[in-house]
Amino acid sequence: MTTVAFNPGTEARFAVARHVADAVLFEGYVLYPYRASAAKNRLRWQFGVLVPPTWSAAAEEHDFQHTECLMEPRTGAELAVEVRFLRAQRRTVEELRPDGTFAPTGELRLTDRVLVAWDEGVEERVALVVPVGELAGDGTSLPFTRPAAEEVEEVTDTDGRVIGRMLRRREEISGTLRISAADLDGPYRVQRLTVTVENTSTWTAEPGADRHAALPYSLVATHTLLRLDGGSFLSMTDPPEWAKGAVAACRNLHTWPVLAGEPGRGDLMLSSPIILDDHPAIAPESPGALYDATEIDEILALRTAALTDEEKREARGTDARAAAVIDLADTMPPEVLERLHGAVRSLREVTGAREPAPDVLRPDTPWWDPGGDTGVDPGRDHVLVDGRPVRAGSRVLLRPRLHRSDAQDLFLDGRAALVEAVLHDVDGGVHIAVTVEDDPGADIRREQGRFLYFQPDEVATPEDR
């Protein structure tokens with residue numbers, strides 16, 4: 001067993017998996033609007049937090065992750081393991097007083113940023129390489145410790161004068177990585193691999209302590225990367241028929257292993273606190289880390305660019321990674337933003353360059369061109385509602401159907417509305433576009449073409465009151 005750096009081949013393979021693992025590591029690190037004062041950034045780090053054992057009992061959070069998966073190693077194969085996590089680094093801010101001493105303050109306001117107290121995330125890794133033949137029985141274990149540390153950074157204004165300082169404090173944390181393997185009964189040379197990561201920190205909570213106090217002693221966003229240099233892992237979500245019983249018998253607690261790297265290869269496994277599919281990948285259109293994967297990149301980029309200058313100053317002072325997001329949104333070229341609008345993956349599989357594409361007859365014009373179809377005219381077309389023609393300019397009463405409409409449409413029941421257009425879809429359906437009368441935003445909706453849509457049996461004419 002060694003704890004030295006990986007050989008170039010293993011390092012290159014792990015580099016492929018880390019692209020996704022980084023997204024796991026920083027998921028929820030700092031959420032839009034990327035300011036420490038935002039409510040959603042006051043309760044942080046929800047995934048893969050391994051707390052100290054004493055806090056685990058008190059708060060019903062976990063102090064370990066347990067992974068079991070199946071592998072088919074070749075003779076003489078080695079297993080490379082990399083455990084990755086964040087360590088909470090507590091940052092406080094102090095201002096310089098006239099008497100030359102420093103005192104805690106809620107914020108330090110600079111020209112380009114506003115510095116506030118914040119927990120920064122410091123990346124940590126525990127790595128080892130071990131021959132698979134040494135994992136039988138109790139296997140092997142690797143205790144690890146990260147010592148406490150403290151750093152001081154002076155804060156200066158635009159003239160270079162010291163106006164305050166930031167104090168960064170990291171507490172001592174310790175843990176243990178345990179690995180073992182056992183042969184399974186049967187005709188196949190398959191082993192069950194067990195990997196357990198434990199937080200063994202000795203911190204004891206004082207009376208009244210909360211989760212915030214436990215975080216500096218926790219392993220945050222913990223996940224494990226595994227690589228076989230000879231052999232392969234089996235999929236835990238889509239195993240071969242003969243392995244389904246053995247896969248079902250595996251125990252995975254607070255984490256879930258999936259095949260990583262390129263589809264078609266099985267030498268990498270990612271055990272993640274966030275459930276993923278096999279061979280997860282970052283969308284090629286993604287311009288960079290936004291740390292808020294529950295949102296859509298396009299929306300995040302637009303919203304971030306629309307923040308006020310003061311909001312951007314606070315975000316830049318919250319965290320260096322938040323500052324990078326602000327700069328990314330402010331400098332994103334239009335062609336990059338346009339790529340975020342969407343992609344059709346299924347067509348790439350058909351039209352990709354792996355095999356010559358068959359000749360396809362393509363018409364000179366689209367199969368339906370709304371601009372060239374003289375049979376429809378949304379501004380003049382009409383539809384009969386209870387025998388009366390309804391067209392653009394007509395006034396109707398809204399009668400949304402309970403099982404057909406959006407739930408919010410039900411609040412409009414009985415409201416008067418102005419018909420903006422009568423639209424026909426390619427399946428023969430008819431849709432009435434309306435704006436609600438007395439809506440103060442109706443002019444803006446009309447200018448942007450953002451209407452509410454109802455079917456003919458969901459409206460009534462005023463004479464039907």
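The values are calculated or read from the model by the stated rules, or taken from the named source; none is laboratory data. Being a predicted model, the structure only gives us computed values, none of them experimental. Backbone-built Cβ (ideal geometry, glycine too); neighbour counts: all protein chains shown. Quick note on the areas: whole protein, heavy atoms, side chains included, nothing else; ligands and nucleic acids left out. Shrake-Rupley method; radii C 1.70, N 1.55, O 1.52, S 1.80 Å.
Return the carbon/sulfur percentage of the accessible area of region 89-209, one whole number, probe 1.4 Å, all protein chains in place. Don't skip to the answer; put the middle values down first.
Details: 2960 of 6510 Å².
Of the solvent-accessible surface of region 89-209, carbon and sulfur hold 46 percent.
For the chain, adding -39500 (n - 2.57) for each run of n ≥ 4 DSSP H residues and dividing by the number of residues yields -5000 deg cm²/dmol at 222 nm.
Between V162 and L384, the C-beta separation translates, for a Förster distance of 56 Å, into a calculated FRET efficiency of about 0.10.
Considering only protein heavy atoms and a 1.4 Å probe, what is the carbon-and-sulfur percentage of the accessible area of region 268-308? Could you put the intermediate results ahead of the total?
Working: 1150 of 1930 Å².
Exposed carbon and sulfur together represent 59 percent of the surface.
Rolling a 1.4 Å probe over the protein heavy atoms gives region 238-279 an accessible area of 48 Å² per residue. Compared with the dominant principal axis of the Cα atoms in the chain, helix 8-26 is inclined by about 50°. Rounded to the nearest 10 degrees, the angle from helix 320-331 to the longest Cα principal axis of the chain is 30 degrees. Backbone phi angles across region 123-133, fed through the Karplus curve with coefficients 6.51, -1.76 and 1.60 (θ = phi - 60°), yield HN-Hα couplings of 6, 9, 9, 10, 10, 7, 10, 9, x, 4, x Hz in residue order; Gly and Pro are listed as x. Per-residue Karplus couplings for region 64-71, computed as 6.51 cos²θ - 1.76 cosθ + 1.60 with θ equal to phi - 60°, are listed in order as 8, 10, 10, 10, 10, 8, 9, 9 Hz, Gly and Pro entered as x. Taking amide H atoms as placed 1.01 Å from N in the peptide plane, the amide H of E27 has no partner under 5 Å among residues 5 or more positions away or on other chains. Whole Å is fine, so just give me how far the alpha carbon centre of region 235-259 lies from that of region 413-443. Region 235-259 and region 413-443 have Cα centres separated by 51 Å.
For the chain, the gyration tensor built on C-alpha atoms gives an oblate shape. Its axis ratio a/c (a ≥ b ≥ c) is at least 1.5, and a/b is not larger than b/c.
Tally Lys/Arg at +1 and Asp/Glu at -1 over every other residue whose Cβ is under 14 Å from the Cβ of Y217; what's the total? Numbers along the way, then the final one.
On the way: positive: R87, R90, R146, R169, R170, R211; negative: E61, D63, D119, E124, E171, E172, E198, E206, D210.
With Lys, Arg at +1 and Asp, Glu at -1, the net is -3.
Taking every protein chain into account, the accessible area of region 8-74 amounts to 41 square angstrom per residue (probe 1.4 Å).
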